[in-house]
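One structure below.
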Amino acid sequence: MHLRTLVTMIMVSPALAFAEEQAAEGGRSPDGAYEVRISGVPQTDVPAYDISIYSLKPEKHLFSLPDIGGYLRYSTALERDHAYWHKSSHYVAITDQGTRHSRELYIVDVSGGRSELIKQPDFYQNALGRIDAVEVDFARVVTPQNWEGDDLFLQLYLTANNRRSYTFEVVLQLIHGPQTAPRLALKSVRKMKEEEG
């Protein structure tokens, strides 16, 4: 459920009139200009929350992540969803738990007055190719570790080949400059661990 739907529900139903909003863990950008926030209705049985980016000076909504909020509830999203800012404060990696056995990664460009998702290379398929698999069969969880310059280090956990568990280190490289739209390249994928399902 998205924030627009949530606002409509609040206007129609007084019982939902107490929407809350809080910064995500790691939500404030290094330069203090932006903040990733989680908004929602904390006391309902419906998974209802939204993840947005705000400019702080002046305060202004810039962007909401699409297609999130389908599994967690607001209070759990505050615990499990995180933001990881690039040192420039122009790019942020955000995680959201989409299902019980998955965590998705979104990378947003907030530079130059625009706010938009940056398309990611298909590191899942690259990892699957390294274990002679064609699809994830149960779980896929991506966890950002840190930015090192323009390299974003991720830990990817997935199951394939009859629920065998695999852990990979994935490095995405952010390519950006004054005359080019930012993009992400796959720098490396390395299998770290394999276990029986």
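One line per residue, one yes/no per condition, for (1) within 26 Å of Thr159 (Cα to Cα); (2) surrounded by 20 or more Cβ atoms within 10 Å (Cβ to Cβ); (3) touching a Pro at 6+ places or on another chain (Cβ under 9 Å); (4) not acidic (Asp, Glu):
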{"residue": "Arg73", "(1), (2), (3), (4)": "yes, no, yes, yes"}
{"residue": "Trp85", "(1), (2), (3), (4)": "no, yes, yes, yes"}
{"residue": "Ser88", "(1), (2), (3), (4)": "no, no, yes, yes"}
{"residue": "Ser102", "(1), (2), (3), (4)": "yes, no, no, yes"}
{"residue": "Ser111", "(1), (2), (3), (4)": "no, no, yes, yes"}
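Regarding segment 97-109, can at least one residue be identified that is modelled with pLDDT of 95 or more, among the acidic types (Asp, Glu) and under 23 Å from Gly32 (Cβ atoms)?
Yes, segment 97-109 contains a residue that is modelled with pLDDT of 95 or more, among the acidic types (Asp, Glu) and under 23 Å from Gly32 (Cβ atoms).
So, of the residues in segment 80-90 that are charged (D, E, K, R) and touching a residue at least 24 places away in the same chain (Cβ under 8 Å), which turns out to be farthest from Tyr124 (Cα to Cα)? Walk me through it before giving the result.
Kept after step one, since they are charged (D, E, K, R), are these residues of segment 80-90: 80-81, 87.
Subset that is touching a residue at least 24 places away in the same chain (Cβ under 8 Å): 81, 87.
On the way: Asp81: 20, Lys87: 26 Å.
Only one residue fits best here, namely Lys87.
Does Leu65 qualify as being at pLDDT 95 or above and closer than 21 Å to Leu152 by Cβ? Step through it out loud before you land on a result.
Numbers: at pLDDT 95 or above: no; closer than 21 Å to Leu152 by Cβ: yes.
Answer is no for this residue.
If you check every pair at least six apart or on different chains, which have Cβ atoms under 7 Å apart with a residue in segment 91-102 that is under 12 Å from Gly70 (Cα atoms) first and a residue that is surrounded by fewer than 16 Cβ atoms within 10 Å (Cβ to Cβ) and modelled with pLDDT under 90 second?
Gly98/Gly70
Each row is one residue, and each column tells you yes or no for (1) in a helix (DSSP H, G or I); (2) of a type in the set (Gly, Ala, Ser); (3) assigned by TED's automatic domain parsing to the domain that holds Gly112; (4) at pLDDT 95 or above.
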position: Ala15; (1), (2), (3), (4): yes, yes, yes, no
position: Ala23; (1), (2), (3), (4): no, yes, yes, yes
position: Thr44; (1), (2), (3), (4): no, no, yes, no
position: Asp50; (1), (2), (3), (4): no, no, yes, no
position: Gly69; (1), (2), (3), (4): no, yes, yes, no
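The values are calculated or read from the model by the stated rules, or taken from the named source; none is laboratory data. This structure is a prediction, so every number in the text was calculated from the model and none was measured. Don't worry about glycine lacking a Cβ; one is built from the backbone with ideal geometry, like all the others, and counts go over all protein chains shown.
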